[in-house]
Amino acid sequence: RFRILVVDNTDSEEQRQAFVRQVAGTAGLDVVASAPPGLSRARNVALAACRTPLIVYIDDDATPSRRWLESIIDAFSSSRASVVAGPIDPKWPIPPPSWLPDKYLACLTVLDYGSADRPLSDYEFAYGTNMAFVVDALREVGGFDTGLGRIGARTLLSDEEIQVQLALRRRGHKGFYAARARVTHLVHKGRVTRNYFRARMAWQAVSTLLHESPLWDAEQSRAELLRACKEAGVDSSFARLFSTRDPRI
């Protein structure tokens, strides 16, 4: 009832051929090369090669639960949605650091919208480690934006997953959360650092500016800074710094 499609996104022909030899003869598995490296490009290669009505994406460092695919198919059947999101549990290489607030766990591709199946709200989206689409709907919006998304270890560009889901919603397609379609995703040790989060947030700003007006995000950033300044007791200085009044008055 399903096929496994591995998109090999390495830029090393030697590694690619070694992998092909390793999995040769595996029933129901196909390997497709994608070059040059790029996460959005690799996902589009999978979309082009897909011959089934549904496509489910999972990362190579994630492990699906036993009834993962079954739960996703049930969600599509019961909801008539075009996108299905599943929960993503972190596999920590070290204990989670005390300085990391829960609200930023999403930056490590951690997702949990609860224990019940339900439609996604306007502010909820599937994450790339565990997301599924109706193939015709995903092709209808042109797949993923290759101007966004990771390219090896060179950038942390993101938002390609959000943008494709927004494009689907603008065309009337719905999203659904399948609570039993759970995967466990490795949190790489290099990402459990303050420096990673600084870089991640900086690249998030770049990603947003590539496809949105900065005005809303600037106001959101101002509100976040004001909240932090109030906690530090320097909100009056902050207010003067960001005043729109003529500084000569």
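The values are calculated or read from the model by the stated rules, or taken from the named source; none is laboratory data. As the structure is a computational prediction, the values presented were derived from the model and not from experiment. Ideal geometry is used to build each Cβ from the backbone, glycine not excepted, and the neighbour counts take in all protein chains shown. With ligands, DNA and RNA removed, areas are computed over all heavy atoms of the protein, side chains included. Shrake-Rupley method; radii C 1.70, N 1.55, O 1.52, S 1.80 Å.
Summary of computed values
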read-out: Residues of segment 42-51 satisfying the condition of being open to solvent by less than 60 Å² (accessible area, probe 1.4 Å) and not in a helix (DSSP H, G or I); value: C50
read-out: Residue check for V56: surrounded by fewer than 19 Cβ atoms within 10 Å (Cβ to Cβ) and of a type in the set (A, V, I, L, M, F, W, C); value: no
read-out: Scope segment 125-137; condition modelled with pLDDT of 90 or more, surrounded by 14 or more Cβ atoms within 10 Å (Cβ to Cβ) and not in a strand (DSSP E or B); matching residues; value: F125, A126, Y127, T129, V135, A137
read-out: Of residues in segment 10-39 being in contact with a helix residue (DSSP H, G or I) (Cβ under 8 Å, 6 or more places away or on another chain) and outside any strand (DSSP E or B), the one farthest from T146 (Cα to Cα); value: T10
read-out: All positions within segment 30-41 that are open to solvent by less than 40 Å² (accessible area, probe 1.4 Å) and either over 21 Å from D136 (Cα atoms) or in contact with a Lys or Arg (Cβ under 8 Å, 6 or more places away or on another chain) (or both); value: S34, P37, G38
read-out: Total residues in segment 70-112, condition part of a helix (DSSP H, G or I) and either surrounded by fewer than 17 Cβ atoms within 10 Å (Cβ to Cβ) or among the polar types (S, T, N, Q) (or both); value: 12
read-out: Hey, T63 in contact with a strand residue (DSSP E or B) (Cβ under 6 Å, 6 or more places away or on another chain), open to solvent by 80 Å² or more (accessible area, probe 1.4 Å) and touching a residue at least 40 places away in the same chain (Cβ under 8 Å) or not; value: yes
